Amino acid sequence: MSTSAQIGVTGLAVMGRNLARNFARNGYTVALHNRTVSKTHELVENFGDEGDFIAAETAKEFVEALERPRRLVIMVKAGGPTDAVIEEFAPLLEPGDMIIDGGNAHFADTRRREKALREQGIHFVGMGVSGGEEGALHGPSIMPGGPRESYDSLGPMLEKISAKAASDGAPCVTHVGPDGAGHFVKMVHNGIEYADMQLIGEAYQLLRDVAGYSPAQIADIFRTWNTGRLDSYLIEITAEVLAHVDAATGKPFVDVVVDQAEQKGTGRWTVQIALDLGVPVSGIAEAVFARSLSGHADLRAASRGLAGPKPTALSDAEAAAFADRVEQALYASKIVSYTQGFHEIQAGSDEYGWDIDLGAVSSIWRGGCIIRAAFLDRIRAAYDARADLPSLLSDETFAREIAEAQDDWREVIIAATRDGVAVPGFSAALAYYDALRAERLPAALTQGQRDFFGAHTYRRVDREGAFHTLWGGDRSEVTE
């Protein structure tokens, strides 16, 4: 066994433990540390045959076990616990050493920590890790930010343990950008994930409540979709969930689960930051709100008797045709969700001077992460072909596909409205699409209202400058 480690992991809950095992499986000696010492020894006892580990019982032992430059990965809860670990270890490190935060930190916290540690000569890397516990062990998508020079040392190790894209074997990791860029991109990744899951849920609800299919039949439909352009991890696991039968009751598993979706906060952060940046992410927002609404059990119970339409039964042929239209609506709405997410990443990059490569971001999401999907290859190609692409909807291929899908997309939303099935994700995506392509928006009227009640001024289409109308009397116009 080696007496020095190339990398260390502190925080050995499921994600930290599996990430440490992943490094060891790939030939690195890994130093281990945990506040509860027994967890450190349990990992070595249970998985010591997977590679070389050095168990450290104290912070000092842990740091001394690391070769220079020291690479110390923190895998603890975001917020206060992360700050506490940094405060414990930073005094033991030397200039050039690096602390790598692999948790779901808020990017603003990462920016703060990076600045403070930079002044001490310590490199701080905010590293987004996606793929859950299986990804951490077998190969996640990794989104590191922080100093470029830290990636020169850390990058080859991350590339070795990361997922590899199925299409070309490329490692699903890149240096995203300075300070909080990695955690920002991970945040938006999770926001897109929220939207993706909401859209899939709406497709399921439509197939069940409008088309009349059973969960098992819908599972077969999703399996078929997974062989085409919707090929993705989320579509794959949706089919598995819908096909699962509860052993205790014999009922479809989905029917015995309480319909209240929980969330850990990254989707909410995505919407909050989008508001700060002035970026419309309506599809992601509706997904967050849908989870929130699902949790208001008393409000839902009190509203269950409200009037609604009488559903219309479909024939087998009509149901099959409707399922095809739902596939079109799901795909078109999915494109809009990614469009909104990439817009937010670009806005964040501009705001904080990160210079994020959107094509590279789409490339590292092709394997290991939750939203991995076949069409991410095409997103990468779109940005490779045109680095200044203003929107995915500006790409010729995606624009053509949405044009082909739009009639079915609209028909699905009409059917949902007719039968009283809530589809906030589908509806928000279509509203965003229609607003973008509109020649004129009602914002002109909004500006007139704002000028009337608050003298907020407005701009004109026929000449430069800011204007205010003296409402009442002769209503003359003045230039601000």
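When only residues in the range 216-273 that are touching a residue at least 60 places away in the same chain (Cβ under 8 Å) and among the aromatic types (Phe, Trp, Tyr) count, which is farthest from ARG325 (Cα to Cα)? Ranking the candidates gives TRP269 first. Number of residues in the range 20-61 that are part of a helix (DSSP H, G or I), open to solvent by less than 60 Å² (accessible area, probe 1.4 Å) and in contact (Cβ under 8 Å) with a residue 24 or more places away in the chain equals 10. Does LYS77 satisfy being free of Cβ contacts under 8 Å to residues at least 40 places away in the same chain, in a helix (DSSP H, G or I), over 20 Å from PHE23 (Cα atoms) and open to solvent by 30 Å² or more (accessible area, probe 1.4 Å)? When the stated conditions are applied, LYS77 does not pass them. For the criterion of being outside any helix (DSSP H, G or I), under 30 Å from GLU401 (Cβ atoms) and among the hydroxyl-bearing types (Ser, Thr, Tyr), THR312 passes.
Conditions tested, residue by residue: (1) modelled with pLDDT of 95 or more; (2) acidic (Asp, Glu); (3) under 30 Å from ASP355 (Cα atoms); (4) in contact with a Lys or Arg (Cβ under 8 Å, 6 or more places away or on another chain).
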position: GLY191; (1), (2), (3), (4): yes, no, yes, no
position: TYR213; (1), (2), (3), (4): yes, no, no, no
position: ASP220; (1), (2), (3), (4): yes, yes, no, no
position: ILE237; (1), (2), (3), (4): yes, no, no, no
position: VAL241; (1), (2), (3), (4): yes, no, no, no
position: THR266; (1), (2), (3), (4): no, no, yes, yes
position: VAL281; (1), (2), (3), (4): yes, no, yes, no
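The residue that is farthest from the chain's Cα centre (by Cα), among those in the range 335-383 that are at pLDDT below 95 and open to solvent by 30 Å² or more (accessible area, probe 1.4 Å), is ALA381. How about the range 429-465: which of its residues are surrounded by 13 or more Cβ atoms within 10 Å (Cβ to Cβ), farther than 22 Å from GLN340 by Cβ and in contact with a Ser or Thr (Cβ under 7 Å, 6 or more places away or on another chain)? Within the range 429-465, just ASP451 meets the criteria. If we keep just the residues of the range 372-400 that are touching a residue at least 40 places away in the same chain (Cβ under 8 Å) and out of contact with any Ser or Thr (no Cβ under 7 Å at 6 or more places or on another chain), which is nearest to ILE161 (Cα to Cα)? Here the answer is PHE375. Residues that are surrounded by fewer than 24 Cβ atoms within 10 Å (Cβ to Cβ) and of a type in the set (A, V, I, L, M, F, W, C) within the range 179-203 comprise MET197, ILE200, listed in sequence order. For the range 206-257, a residue qualifies if it is out of contact with any Pro (no Cβ under 8 Å at 6 or more places or on another chain), basic (Lys, Arg) and either outside any helix (DSSP H, G or I) or open to solvent by less than 70 Å² (accessible area, probe 1.4 Å) (or both), and the qualifying residues are ARG229, LYS251.
Among the residues here, PHE398 does not qualify as under 30 Å from GLU477 (Cβ atoms) and not charged (D, E, K, R). For the range 151-178, filtering for residues that are part of a helix (DSSP H, G or I), open to solvent by less than 10 Å² (accessible area, probe 1.4 Å) and touching a Gly at 6+ places or on another chain (Cβ under 9 Å) leaves 2.
The values are calculated or read from the model by the stated rules, or taken from the named source; none is laboratory data. Just so it is clear, the model here is predicted, and its values are computed rather than measured. Reconstructed Cβ throughout: ideal geometry from the backbone, glycine too, with neighbour counts over all protein chains shown. The protein model used for the area step is the full one, side chains on, heavy atoms only, and it has no ligands, DNA or RNA in it. Shrake-Rupley method; radii C 1.70, N 1.55, O 1.52, S 1.80 Å.
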